[in-house]
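A quick write-up on the structure given underneath.
The values are calculated or read from the model by the stated rules, or taken from the named source; none is laboratory data. This is a predicted model, so every value here is computed, not measured. Here the Cβ is made from the backbone with ideal geometry for all residues, glycine too, and neighbour counts use every protein chain on show. Note: accessible area is taken over every heavy atom of the protein model, side chains too, but ligands, DNA and RNA are not part of it. Shrake-Rupley method; radii C 1.70, N 1.55, O 1.52, S 1.80 Å.
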Amino acid sequence: MSSPSKRREMDLMKLMLSDYKVEMINDGMQEFYVDFNGPKESLYQGGVWRIRVELLDAYPYKSPSIGFVNKIYHPNVDEMSGSVCLDVINQTWSPMFDLVNVFEVFLPQLLLYPNPSDPLNGEAAALMMRDRTAYDQRVKGVYCEKYAKPEDIGGAREDQSSDEELSEGEYDSGDDAVAGHADP
């Protein structure tokens, strides 16, 4: 490829042509959402998660930043921020990988083979090691049912931004002299 921006465009187009629903966050090609289905034969099967992807300027030489928007219960995903603890994404990324690899290999592997010894969600890791049946029930019966229903996926981002707007409104209401604040 002649430049990182051409590679970014090519990888994004390849992802869009691969049966994934991709929604751009802004006019550029650096931030977008991807709807990701839980892998077959896993606790997450039947669930759909909205994944926020950010491609840094150094992509593909630097890994994409990815995170779950709707909640997921997993030892290697921070429940509050959605950040993913994934060695390939965070540490061993190579320009040979592309965005399709993230959604067809890396994320399914993460969900199929959680690593409770390197947790971002300590509670999920402890429950998984202590009582696998209770862990399985919480993933499937609580989190998938409550946060990852296919018909609700479109509202995941909108619910979050409504909360953020409310928080901003409460914060800004006490300081009317803030300069340069753009209306959403």
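Quick notes on this one:
- Selection status of Asn90, within 30 Å of Ala134 (Cα to Cα) and either free of Cβ contacts under 8 Å to residues at least 40 places away in the same chain or aliphatic (A, V, I, L, M) (or both): yes
- Filter pass, Glu79 being open to solvent by 40 Å² or more (accessible area, probe 1.4 Å) and either within 18 Å of Arg138 (Cβ to Cβ) or assigned to a loop (DSSP other than H, G, I, E, B) (or both): yes
- Exclusive hit being outside any helix (DSSP H, G or I), out of contact with any Asp or Glu (no Cβ under 9 Å at 6 or more places or on another chain) and closer than 14 Å to Leu99 by Cβ, set Asp19, Asp27: Asp19
- Qualifying residues in segment 26-64 (those that are in contact with a Gly (Cβ under 6 Å, 6 or more places away or on another chain) and of a type outside the set (Lys, Arg)) - the one surrounded by the most Cβ atoms within 10 Å (Cβ to Cβ): Tyr44
- Condition check for Asp35: within 30 Å of Ser5 (Cα to Cα), in a strand (DSSP E or B) and touching a residue at least 12 places away in the same chain (Cβ under 8 Å): yes
- Flag for Gly67 being in contact (Cβ under 8 Å) with a residue 12 or more places away in the chain, open to solvent by less than 60 Å² (accessible area, probe 1.4 Å), part of a loop (DSSP other than H, G, I, E, B) and closer than 21 Å to Lys149 by Cα: no
- Within segment 145-165, not a single residue is modelled with pLDDT under 90, open to solvent by 90 Å² or more (accessible area, probe 1.4 Å) and of a type in the set (Gly, Ala, Ser).
- Remark: pairs (first residue in segment 108-127, in contact (Cβ under 8 Å) with a residue 40 or more places away in the chain; second residue among the hydroxyl-bearing types (Ser, Thr, Tyr); Cβ separation under 6 Å; 6+ apart in sequence or on different chains) = Leu111/Ser42; Leu111/Tyr44; Leu112/Ser42; Ala124/Tyr73.
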